[in-house]
Amino acid sequence: MAKVVVKGVVRRAGRQALQPAFDFDVDTPSDVICGVDEAGRGPLAGPVVAAAVIFDPSKPRIRGLDDSKVLSAKKREELYEKIIDRALAYCVASATVEEIDTINILHAAMLAMKRAVEGLSVTPTVAKIDGNRCPRLSMRSVAIIGGDALIAQISAASILAKVTRDRMLLQLHEVHPVYGFNAHAGYGTPQHLKALLEHGPCEHHRRSFAPVREAHARLGMPLPVVSAQALEAAAAEQGIDAPPF
């Protein structure tokens, strides 16, 4: 089970199914809004990480928030420190490679987001989720496509998730330097694909993702057993045609 860290507290949460997104675009002054986003759905290695953020209304607004993908690494690090300093509550959580290969990448991302929200020290009244789906939560939730560039709380969550995951991959690089995780954070770059074929996958590679399975096959390594659902979801994430699940 993945660890959930919220300002020094470690918590654990179980798996849950998905909840369909629904429209809820009217906020009231009494609402406690939580922004939620994830990082790492597409890489071939490492966990998927999610964050949830509630701003402290008594503290200054944070300038420069945006989708983490359009910010430089230096800018993300600067904003990361401001977010954790000015948040009323925040939580970063993850779903492991084993969970990704068991319940598929989509459900693993939903699980990580659910863990992040449930790990908050303050209970929100509304959760705003980046994307077109919501995890099953106990409070109202709304999915917002492109929300990481539109909603400040989601932008903040995007940055916390991205910075945390990048730091995790730097740690993996220390243990497995041959893959270059410090350069590509687990994504399927030419450098990473070449290393996969030369050295084979390590335990941190997602066995449900096609390039990892291809590396197993080319090196004559036994193909790991992975659920059909996980294979289909991984294929969809990588832009490969696959039947819906």
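In square angstrom, rounded to the nearest 10, how much accessible surface does residue 151 have for a 1.4 Å probe?
Near enough 40 Å² of accessible area.
As a test of reading the structure, rank 193, 150 by solvent-accessible area (1.4 Å probe, protein chains only), most first.
150, 193
From the protein chains alone at 1.4 Å, what is the descending order of accessible area for 194, 162, largest first?
The ranking, largest first, comes out as 194, 162.
Got a sec? What order do 168, 110 fall in by accessible area at 1.4 Å, biggest, i.e. largest, first?
These residues rank, largest area first, as 168, 110.
In the full protein assembly as shown, how much of residue 199 is accessible to a 1.4 Å probe, in Å² to the nearest 10?
100 Å²
Please give the Cα centre distance for the stretch 51-97 versus the stretch 135-207, rounded to the nearest Å.
What the calculation gives is 16 Å, centre to centre.
Leaving out ligands, DNA and RNA but keeping every protein chain, what accessible area does residue 90 have, in Å² rounded to the nearest 10, with a 1.4 Å probe?
40 Å²
Provide the per-residue ³J(HN,Hα) series for the stretch 210-215, in order, calculated from phi with Karplus coefficients 6.51, -1.76, 1.60 and θ = phi - 60°, each as a whole number of Hz, with x at glycine and proline positions.
Those phi angles translate into 4, x, 5, 5, 5, 5 Hz.
In debye, nearest 20, what is the charge dipole magnitude of the stretch 117-222 about its Cα centre with +1 on Lys and Arg Cβ and -1 on Asp and Glu Cβ, if you could check?
For the stretch 117-222, the charge dipole is close to 300 debye.
The values are calculated or read from the model by the stated rules, or taken from the named source; none is laboratory data. What you are looking at is a predicted structure, and each value in this text was computed from that prediction instead of being measured. Glycine gets a Cβ as well: all are built from the backbone with ideal geometry, and neighbour counts include every protein chain shown. Areas reflect the complete protein model, heavy atoms only, side chains present, ligands, DNA and RNA absent. Shrake-Rupley method; radii C 1.70, N 1.55, O 1.52, S 1.80 Å.
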